[in-house]
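Down below is the structure, laid out as structure tokens.
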Amino acid sequence: MAINSSLAPRVPPAILSPLMSGFRLFDLNPEQERAVRTTEGPLLILAGAGTGKTRVITARVAFLIAQGVDPAQILAVTFTNKAAKEMRERLAKLVAPEQAKPVTMSTFHALCVRVLRQDIDKLGYKRNFSIYDEGDTTGLIKKIITRTAAKDEKLEANVAKSLISKAKGNGWSEVTPGDEQSLAAAVFAKYQQELKTMNAVDFDDLLLLTYKLLTEHAAVREKWQRKFRYLMVDEFQDTNRLQLELVTNLADARQNVAVVGDDDQSIYGWRGAEVSNILEFEAHFPNPTVVKLEQNYRSTNAILGTANALIKNNPRRRPKQLWSAHEGGAKVRVIGMTDDRQEADFITSEIAQRAVTEGAKHEDFAVLFRMNAQSRLVETHLRELHIPYRVVGGSSFFDAREIKDLLAYASVLLNADDDVSLLRIINTPARGIGPSVVERATELSVHKRCSVFAALQDGEFRSGLSKRAAEAIAAFTGFLDAWETKLNTPLSKQAEVLRAFIGETGYLADLKRSCKTQDEGLKRENKVVEMIRWFEDDEEAKGKSLRDFLDDMMLREEKEEDEESKGSGVTLITLHAAKGLEFPHVYLIGLEEGLLPHDRSKMEGTVDEERRLLYVGITRARQTLALTWCGHRIKYGSPMPGTASSFIKELPAEWVEHKNATQMLNAPVAAETVKGKFGALRALLENTPS
DNA sequence: CCTTGTCCGATTTTT
DNA sequence: TCGGACAAGG
Ligand SMILES: Nc1ncnc2c1ncn2[C@@H]1O[C@H](COP(=O)(O)OP(=O)(O)OP(=O)(O)O)[C@@H](O)[C@H]1O
């Protein structure tokens, strides 16, 4: 109250308007409020977990709008799709929909796509460029390696991929500066040249080319500087060099750049993230207002104490004093399991039980893990208990053959030079353009530095083929041309065109035929049909073009949930993707040596980052937290012995209790608890109208 | 040219 | 456990 009245004179009237009903400055503590009110000039918010950094960003957006700033001039960038979505949802609670919508809240990559779709032609690409995902790029690199490597030379596609990615992230034009001879260097050069002929970009190009565009073309830079007057970046500790450069270039002389972050939550070092971006913020944006937040509003002291004790083990960190006004709360449980089956069984049945005894909702629970693969067992057990759940991220959906094929078909229609997509579907279903023809066309395309599609059109090439092959090619290229025209006819419903096109290809019949069981065939067919419908919805509701839709798919844009499915069910999510989120009850599974910390990180000497990862996981919990580890875990189909993570030893006895699942299950339930449970059950039954 | 079968090798994290 | 790479037969 006191805060509110003392500041009242400075609050513009707009803030009090009904539109802003959800936005009240007095929901912020004085430091947070200072950050929100600092709208001009560079602003650095460096603060620990759960101190309200994201809240400050969203409140600041709302405040700017209340001050009369055009929402379209506000840019808020996050690192993951999930975080972007979370922020949009939080903003939706503070401002009216028509004001929230024009605000740009996206990931760096999505923002870059938007910039490039408008002006990439200035860099010699065409505006209908394709975006290649991880699988597409590794596939392409693999092909280039086989084509380039001499007999005695070997290079793993994955290794080349990460070298190239690292080079691009640093803005180098060689794999290692100065190296133009090695196989990797040759592969890099060819890769980049071929991408350009195919009119395609990879994820790193999105950042790199946008950077080029902004630095080399003043008009473009100024256009985007005019567009975005207020920049905000969440999780700034995870930005890489190129991303920092992008921010620098988007900011004009006014330097209205607000960044928030926490060096203890830096978990993307493996992707080139540089903590120095935030720790040396002053070097890039002179004289910033610096705000430090120390009160944690999220977690109980047991959880916060556990997290603090753990992170103290990291050397070279800036010490922080995080405190919470919340009570101690239940102790953090560390539970030993015999194997991963028991782990999944234990946590899922406990969730089912707590839903009854504690009246907790399913969406209050989250299961966090190191690897996507770990979610599968938990999913199976949740299904058995009929507990609703949702898996965040994980690529299984996009890994499905039929989804890749569908996206490739669509991609070829929009950009015929997209070789990776063309070669994927050129003979699926079989249409008489087999490997040997494709091989020759590819050779010619490499030789002439043109796309495969262009090579196929080549008169000389065609005359060198068998009559059958030549006819097959003529038929197929003509077919694509015709559908491309239909798709690009103004006012056409693209989803309908796509559906008809896929129908004409005979793809679905081929897909079903190639499946072992009828059930599998129907499932796969259904996925394709569903995806087209998904696009149809997007086209009708949001006016998205097929291109927009494909971009969303490639960037793994989070699907907006409709009201019923919104946030319902237990959340299954990796530790990385969980950053920035919070849940009342968290289960953090698989705390075994070799998994967390991961074996790889030990070899690479990045155990500190693994510790931060666990720190991030622990600090997602609001009320209760359980950490589990297994004596055995199924790996490659057979059980492998495992031991508790070395991090467990670093947790403070004061806030942690150690348990064993088998003993817990066998132990007689205390009479007190039984009474409590039956009481809760009875209450539940009595309150349920029948 | 296309289909079918067998064997082997892979698994961090995200855009 | 599962999917991709390769080899052999229609
Ligand atoms: N001044 C405040 N009063 C009450 N609750 C607050 C306040 N500030 C933040 N919170 C609450 O604390 C929780 C954490 O906030 P937020 O997610 O913004 O933190 P954060 O700093 O972004 O966390 P992290 O870095 O761990 O992702 C949220 O539930 C938020 O609503």
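The values are calculated or read from the model by the stated rules, or taken from the named source; none is laboratory data. What you see is a predicted model, and the numbers here were worked out from it, not measured in a lab. Positions of Cβ are generated from backbone atoms using ideal geometry, with glycine treated the same way; all protein chains shown enter the neighbour counts.
So the values come out like this:
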{"item": "Hey, A:Ala258 farther than 30 Å from A:Gln623 by Cα, more than 15 Å from DNA strand B (Cβ to nearest atom), in contact (Cβ under 8 Å) with a residue 40 or more places away in the chain and among the small types (Gly, Ala, Ser) or not", "result": "yes"}
{"item": "Among residues of segment A:194-239, those that are surrounded by fewer than 24 Cβ atoms within 10 Å (Cβ to Cβ) and of a type in the set (Ser, Thr, Tyr), counted", "result": "4"}
{"item": "Residue under evaluation A:Gly48, criteria (1) surrounded by fewer than 22 Cβ atoms within 10 Å (Cβ to Cβ); (2) in contact with a Lys or Arg (Cβ under 6 Å, 6 or more places away or on another chain); (3) not polar (S, T, N, Q), criterion not met", "result": "(1)"}
{"item": "Where a residue in segment A:487-504 is among the hydrophobic types (A, V, I, L, M, F, W, C) and its partner, wherever it lies, is at pLDDT below 90 and assigned to a helix (DSSP H, G or I), with Cβ under 8 Å and at least six apart", "result": "A:Ile502/A:Leu508"}
{"item": "Checking A:Asp136 against (1) buried (at least 19 other Cβ atoms within 10 Å of the Cβ); (2) touching a Ser or Thr at 6+ places or on another chain (Cβ under 7 Å), the condition it does not meet", "result": "(2)"}
{"item": "Helices (runs of 4 or more DSSP H) lying entirely in segment A:396-467 (those with 2 or more residues that are over 24 Å from A:Lys190 (Cβ atoms) and at pLDDT below 90)", "result": "A:396-399, A:401-414, A:459-463"}
{"item": "Within segment A:351-395, considering residues that are within 18 Å of A:Arg556 (Cβ to Cβ) and in a loop (DSSP other than H, G, I, E, B), the one farthest from the ligand (Cβ to nearest atom)", "result": "A:Ser395"}
{"item": "Residue that is surrounded by the most Cβ atoms within 10 Å (Cβ to Cβ), among those in segment A:591-603 that are within 11 Å of DNA strand B (Cβ to nearest atom) and in contact (Cβ under 8 Å) with a residue 24 or more places away in the chain", "result": "A:Leu596"}
{"item": "Matching residues, segment A:345-389, being farther than 20 Å from A:Gly580 by Cα and of a type in the set (Asp, Glu)", "result": "A:Asp345, A:Glu350, A:Glu358, A:Glu379, A:Glu384"}
{"item": "Selection count, segment A:30-46, where residues are closer than 15 Å to A:Pro288 by Cα and either within 6 Å of the ligand (Cβ to nearest atom) or free of Cβ contacts under 8 Å to residues at least 60 places away in the same chain (or both)", "result": "2"}
{"item": "Flag if A:Glu540 is surrounded by fewer than 18 Cβ atoms within 10 Å (Cβ to Cβ), away from the ligand (no atom under 16 Å from the Cβ) and farther than 26 Å from A:Val378 by Cβ", "result": "yes"}
{"item": "Pair list, Cβ < 9 Å and 6+ apart or interchain, from segment A:116-131 residues that are on the phi < 0 side of the Ramachandran plot to residues that are among the aromatic types (Phe, Trp, Tyr)", "result": "A:Leu116/A:Tyr125; A:Leu116/A:Phe129; A:Arg117/A:Phe129; A:Ile120/A:Phe129; A:Ile131/A:Phe203"}
{"item": "Residue match in segment A:318-325 (condition: away from the ligand (no atom under 16 Å from the Cβ) and touching a residue at least 12 places away in the same chain (Cβ under 8 Å))", "result": "no"}
{"item": "Check on A:Ala430, aliphatic (A, V, I, L, M), surrounded by 17 or more Cβ atoms within 10 Å (Cβ to Cβ) and within 12 Å of DNA strand B (Cβ to nearest atom)", "result": "no"}
{"item": "Number of the condition not met by A:Val69 [criteria: (1) more than 14 Å from A:Thr54 (Cα to Cα); (2) among the β-branched types (Val, Ile, Thr); (3) crowded, with 20+ Cβ neighbours inside 10 Å]", "result": "(3)"}
{"item": "Any hit, segment A:100-120, residues being more than 16 Å from DNA strand B (Cβ to nearest atom), among the basic types (Lys, Arg) and assigned to a helix (DSSP H, G or I)", "result": "no"}
{"item": "Looking only at segment A:85-99, and only at residues there that are crowded, with 22+ Cβ neighbours inside 10 Å and in a helix (DSSP H, G or I), the one that is nearest to the chain's Cα centre (by Cα)", "result": "A:Met87"}
{"item": "Qualifying residue in segment A:471-486 (condition: farther than 30 Å from A:Ala578 by Cα and touching a Cys at 6+ places or on another chain (Cβ under 6 Å))", "result": "no"}
{"item": "Residues of segment A:142-162 satisfying the condition of being among the hydrophobic types (A, V, I, L, M, F, W, C), surrounded by fewer than 19 Cβ atoms within 10 Å (Cβ to Cβ), more than 14 Å from DNA strand C (Cβ to nearest atom) and under 26 Å from the mean Cα position of the chain (by Cα)", "result": "A:Val159"}
{"item": "Test set (1) out of contact with any Asp or Glu (no Cβ under 9 Å at 6 or more places or on another chain); (2) under 18 Å from A:Leu511 (Cα atoms) - A:Arg383 fails condition number", "result": "(2)"}
{"item": "Segment A:459-480, residues that are closer than 15 Å to A:Ile426 by Cα and either among the aliphatic types (A, V, I, L, M) or surrounded by 12 or more Cβ atoms within 10 Å (Cβ to Cβ) (or both)", "result": "A:Ala469, A:Ala470, A:Glu471, A:Ala472, A:Ile473, A:Ala474, A:Ala475, A:Phe476, A:Thr477, A:Phe479, A:Leu480"}
{"item": "Residue in segment A:54-84 that is nearest to DNA strand B (Cβ to nearest atom), counting only those that are free of Cβ contacts under 8 Å to residues at least 60 places away in the same chain and part of a helix (DSSP H, G or I)", "result": "A:Thr58"}
{"item": "Selected residue [free of Cβ contacts under 8 Å to residues at least 12 places away in the same chain and away from the ligand (no atom under 16 Å from the Cβ)] from A:Glu245, A:Glu280", "result": "A:Glu280"}
{"item": "Residue count for segment A:283-336, restricted to those that are acidic (Asp, Glu) and not in a loop (DSSP other than H, G, I, E, B)", "result": "0"}
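Residues are listed down the side, and each one gets a yes or a no for (1) over 29 Å from A:Gln193 (Cα atoms); (2) among the charged types (D, E, K, R):
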position	(1), (2)
A:Ala455	no, no
A:Glu471	yes, yes
A:Ala475	yes, no
A:Gly478	no, no
A:Trp483	no, no
A:Pro490	yes, no
A:Gln494	yes, no
A:Glu504	yes, yes
A:Leu508	yes, no
